[in-house]
Amino acid sequence: MILRSRTILPRLLALVCIALTLAAESLAQPPSHGPAKGYLLITGGATEPRDYQRLIDLAGGRQANIVVIPNASVTKPTGQAALQDEYCGPKSPFAAFPCTVIYTNDPAVANTPAFVAPLKTATGVWFVGGRHWRIADAYLDTLTLKEFFALLDRGGVIGGGSAGATIQGSYMVRGSAVPDDNTIMMAPGHEIGFGFVTNATFDQHVDVRHRENDLAPVMKAHPDLLGFGLDQATSITIHGDILTVNGPKRVAVWDHKDHDGKGYYYLRTGDQLNLATRVLTLLPHPPDN
């Protein structure tokens with residue numbers, strides 16, 4: 001019996017140490033969560049027609065009612081008619097559906113019931129790409145942001161590419177407004193995103209702009225974050241805590257662990273990640289060239 005106790009005790013101590021280590025890692029890296037009822041469509045920029053169609057399908061197909069938010073790309077004030085024609089007109093991917101552009105760069109206006117009225121009946125929202133600090137400056141802490149969450153709570157979809165991707169995380173990389181420089185990864189005063197996904201940050205255009213390692217300093221400074229780097233023209237869908245890669249290219253996941261000398265690993269088309277538990281569901285893929 002004594003020999004058996006001497007054998008079991010070290011094993012129990014080892015298991016306790018492992019459990020404590022895992023618990024410490026869990027506390028250091030809180031779970032991330034997506035919208036419980038709605039959907040997010042996040043693209044790496046240069047959004048393809050297939051992803052606009054995904055947004056329409058998730059927004060109800062023939063019953064889709066889309067609101068477009070063009071702030072990121074608007075550098076000079078333009079009239080509502082011009083914006084409506086550009087983003088909802090005949091050349092728009094949403095031309096066949098009820099589509100409304102809402103735009104202001106004044107948070108006071110964004111905080112009014114009249115401004116948010118189109119969001120009350122919308123089933124989908126699309127954030128145009130550009131510079132995401134413009135979106136944050138206009139809508140953070142306003143009634144408009146509350147209505148975005150309300151749309152998700154009733155099962156709607158919010159999508160965006162490039163700047164429209166990054167704004168959806170809780171932490172906003174490349175948010176520098178003064179100077180307006182998208183190479184600055186952490187810009188004090190412009191680091192808060194909309195938080196449709198908690199404890200997460202999204203980078204974009206990774207492959208085309210050679211941004212493979214740009215999230216490294218962000219992850220070092222923010223151990224609470226789960227980081228994602230999307231290749232250009234590649235999208236993910238998030239529903240609840242499940243992230244699904246739509247492809248066609250790769251999504252880098254930064255999780256504060258070492259992966260053969262890198263701080264990230266890749267997900268590919270069809271792969272899934274549970275944001276809260278970090279459990280992966282992987283499909284077989286050919287090796288990278």
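With a cut-off of at most 12 other beta carbons within 10 Å, and DSSP calling the residue loop, which trypsin sites (Lys or Arg not before Pro) in the stretch 51-113 qualify? Please list them. Counting only loop positions with at most 12 other Cβ atoms within 10 Å, the trypsin sites (Lys or Arg not before Pro) in the stretch 51-113 are Lys91. Here the convex hull built on the C-alpha positions of the stretch 217-276 has a volume of 88 cubic angstrom per residue. Here the chain carries DSSP beta bridges of which approximately 55% are antiparallel, counting only pairs with both residues inside.
Here the dipole of the stretch 42-150 is about 120 debye; that uses its Cα centre as origin and unit charges on the Cβ of Lys and Arg (positive) and Asp and Glu (negative). For the residue pairs Lys146/Lys249; Lys91/Lys120; Lys76/Lys120; Lys76/Lys249; Lys37/Lys249; Lys76/Lys146, the alpha carbons lie more than 30 Å apart in Lys146/Lys249; Lys76/Lys249. The residues of the stretch 189-229 present an accessible area of 38 Å² per residue when probed at 1.4 Å with all protein chains retained.
Dividing the Cα radius of gyration of the stretch 141-286 by its Kirkwood radius returns 0.95 for Rg/Rh. Taking the Cα centre of the stretch 103-147 as reference, the dipole from Cβ charges on Lys and Arg (+1) and Asp and Glu (-1) amounts to some 120 debye. Over all directions, how big on average is the projection of the convex hull of the alpha-carbon atoms in the chain, in square nanometres? That works out to 18.5 nm², a quarter of the Cα hull's surface. Note on the chain: with neighbouring protein chains present and a 1.4 Å probe, carbon and sulfur make up 60 percent of its accessible heavy-atom surface.
Once the chain from Lys146 to Asp180 is taken as fully extended at 0.36 nm per residue, the excess over their C-alpha distance is 9.5 nm. Shape class of the stretch 31-71 from the Cα gyration tensor (axes a ≥ b ≥ c, square roots of the eigenvalues): oblate, since a/c reaches 1.5 or more and a/b does not exceed b/c. Between Gln80 and Arg50, the modelled labels are 3.8 nm apart [label points 7 Å from Cα along Cα→Cβ].
With all projection directions averaged, the alpha carbon convex hull of the stretch 146-185 covers 3.4 nm². Here the Kirkwood formula, the inverse mean of 1/r across different C-alpha pairs, assigns the stretch 55-148 a hydrodynamic radius of 13.4 Å.
The values are calculated or read from the model by the stated rules, or taken from the named source; none is laboratory data. If you're wondering where the values come from, they're calculated on a predicted model, not measured in any experiment. FYI the Cβ positions are ideal-geometry reconstructions off the backbone, even for glycines, and counts take in every protein chain you see. Keep in mind that these areas ignore ligands, DNA and RNA; they rest on the heavy atoms of the full protein, side chains included. Shrake-Rupley method; radii C 1.70, N 1.55, O 1.52, S 1.80 Å.
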